[in-house]
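Coordinate-derived values only; no laboratory data. The structure presented is a predicted model; accordingly, all values stated were derived computationally and were not measured. Here Cβ is always computed from backbone atoms with ideal geometry, including for glycine, and neighbour counts include all displayed protein chains.
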Amino acid sequence: MEVTTMNATTILCILLLSLYLLLAVFWIVRSIIDTIDDRKREKRNAAWEAERQQLEKERALREVEYHEARMKELDKS
């Protein structure tokens, strides 16, 4: 009976350690994947931000041109 208990305890310990190892490996892999995704997201956001700034500059130039045209029109009147 004592041998059976020792074997059951050994099996349970091996299962517990295996589960812990599996969770640790999963956590490491998930961390690596998250890091890669974060870098991709940062690059994409930087590109969007650059595009947004360019559009704002173009809009500001159009507003200045429109304002100058309106001022000239008012001076003629």
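Things to note:
- Think of the chain as a dipole: +1 on every Lys or Arg Cβ, -1 on every Asp or Glu Cβ, centred on the Cα centre; then among 48, 26, 64, 64 lies furthest on the positive end.
- Calculated [θ] (222 nm, deg cm²/dmol) that DSSP helices of n ≥ 4 give over the chain, each run adding -39,500 (n - 2.57): -37000 deg cm²/dmol
- Square roots of five times the Cα gyration tensor eigenvalues for the chain, Å: 73, 9, 4
- In a reduced charge model with +1 at each Lys and Arg Cβ and -1 at each Asp and Glu Cβ, the chain shows a dipole moment near 160 debye about its Cα centre.
- Length gained when the stretch residue 9-residue 72 is fully extended (0.36 nm per residue, less Cα-Cα span): 13.4 nm
- Note on residue 40: lysines with a C-alpha under 28 Å away, same-chain residues under 8 apart excluded, are 57.
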